Amino acid sequence: MPAPVLLVIAHGSRDPRHAATVHALVRRVRALRPGMRVETGFLDFNIPSVNGVLDSLAAQGVRDVVALPLLLTRAFHAKADIPAVLRDAPPRLRIRQAEVLGPSPLLTTALERRLYEAGLTPADKSSTGVVLASAGSTDPEAIAVIADIAREWRHTGWCAVRPAFASASLPRTEDAVRELRALGCARVAVSPYVLAPGFLPDRIARGAAEADVLADVLGPAPEVARVLLERYDAARVPALAALGA
């Protein structure tokens, strides 16, 4: 029996960098798992739409799909938007929704990769305060997860780690930068906990104006691709077991 198709579901953006980054990440996933079929669908702004991909898969005779939200926290899109879209899929498709990407130790490794690419070294950790800057959410569960990640990351040797949010929640990136300065950290780095460029990541970058280091978005980091495959494998195993595969 063929393995389920992996359908990566991205939010979409008017910013062309967003889709380009999503496609680069999907290419890395394909490279890590040759022979596995991976498709990409967008909830808004970009094509193909999730509905369009699902209709196409059904027309091609595909039966099993793992729908993977390209999201870092379980907020509104993962809890409401994506399930609603999947409920409208052609009935011949058997779809399992995978878990969102975060939290994951691999994502923390990817955050550090981006900080080192921006100029820091492991020797800088004890004197550097880090702002973990996420897009933000009105969902308390998502906010709590970001706070937990910051708390755990602090224990790996950084001077301090503070969460910040580009929308919906406080503090903003610039306020967290100033707080770390006041704490006495020798340098301050901003680490965007976002997957692709766009409006809110640009707001994070503006908030990092007084920081010493601004890391890139996670994008197609190899660790992110590995998390996608972990989530896919975790979702597909119960589906295959139910089918006697």
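The values are calculated or read from the model by the stated rules, or taken from the named source; none is laboratory data. Just so it is clear, the structure is predicted and the values come from calculations on it, not from any experiment. Cβ atoms come from the backbone with ideal geometry, glycine included; neighbour counts cover every protein chain shown. Surface areas here come from the heavy atoms of the whole protein model, side chains and all, with no ligands, DNA or RNA. Shrake-Rupley method; radii C 1.70, N 1.55, O 1.52, S 1.80 Å.
Here are the criteria: (1) modelled with pLDDT of 95 or more; (2) surrounded by 17 or more Cβ atoms within 10 Å (Cβ to Cβ); (3) more than 13 Å from the chain's Cα centre (by Cα); (4) assigned to a loop (DSSP other than H, G, I, E, B). Tell me which single one G102 does not satisfy.
So the condition that G102 fails would be (3).
Pairs, please: C-beta under 7 Å, at least 6 apart or cross-chain, first residue open to solvent by 20 Å² or more (accessible area, probe 1.4 Å) and in the stretch 50-71, second of a type in the set (D, E)?
Within 7 Å, the pairs are N51/D88.
Counting just the residues of the stretch 154-174 that are hydrophobic (A, V, I, L, M, F, W, C) and more than 17 Å from A142 (Cβ to Cβ), which one comes out surrounded by the fewest Cβ atoms within 10 Å (Cβ to Cβ)?
The selected residue is A160.
Consider the stretch 180-203. How many of its residues are open to solvent by 20 Å² or more (accessible area, probe 1.4 Å) and within 13 Å of the chain's Cα centre (by Cα)?
Matching residues across the stretch 180-203 total 3.
Quick test of your reading of the structure: V177 fulfils all but one of (1) of a type in the set (V, I, T); (2) touching a residue at least 60 places away in the same chain (Cβ under 8 Å); (3) surrounded by 18 or more Cβ atoms within 10 Å (Cβ to Cβ). Name the failing condition by number.
Unmet for V177, out of (1) of a type in the set (V, I, T); (2) touching a residue at least 60 places away in the same chain (Cβ under 8 Å); (3) surrounded by 18 or more Cβ atoms within 10 Å (Cβ to Cβ): (2).
Confirm whether L240 is modelled with pLDDT of 95 or more and either in a helix (DSSP H, G or I) or buried (at least 20 other Cβ atoms within 10 Å of the Cβ) (or both). Walk me through how you get there before you give the answer.
Values: modelled with pLDDT of 95 or more: no; either in a helix (DSSP H, G or I) or buried (at least 20 other Cβ atoms within 10 Å of the Cβ) (or both): yes.
For L240, the condition - modelled with pLDDT of 95 or more and either in a helix (DSSP H, G or I) or buried (at least 20 other Cβ atoms within 10 Å of the Cβ) (or both) - is not met.
Does at least one position in the stretch 86-94 carry a residue that is touching a residue at least 60 places away in the same chain (Cβ under 8 Å) and either touching a Cys at 6+ places or on another chain (Cβ under 6 Å) or open to solvent by less than 20 Å² (accessible area, probe 1.4 Å) (or both)?
Within the stretch 86-94, none of the residues are touching a residue at least 60 places away in the same chain (Cβ under 8 Å) and either touching a Cys at 6+ places or on another chain (Cβ under 6 Å) or open to solvent by less than 20 Å² (accessible area, probe 1.4 Å) (or both).
Could you check the stretch 1-37 and list, in sequence order, the residues that are of a type in the set (G, A, S) and open to solvent by 30 Å² or more (accessible area, probe 1.4 Å)?
Passing the criteria: A3, A20, A31, G35.
Out of A20, A3, report the one residue that is closer than 20 Å to D233 by Cα and out of contact with any Gly (no Cβ under 8 Å at 6 or more places or on another chain).
Residue meeting the stated conditions: A3.
V177 - would you say it is within 18 Å of D124 (Cβ to Cβ), modelled with pLDDT of 95 or more and in contact with a Leu (Cβ under 7 Å, 6 or more places away or on another chain)?
No; evaluated as a whole, the condition is false for this residue.
Can you tell me which residue in the stretch 105-138 is surrounded by the fewest Cβ atoms within 10 Å (Cβ to Cβ), limited to those that are of a type in the set (K, R) and within 16 Å of V188 (Cβ to Cβ)?
K125
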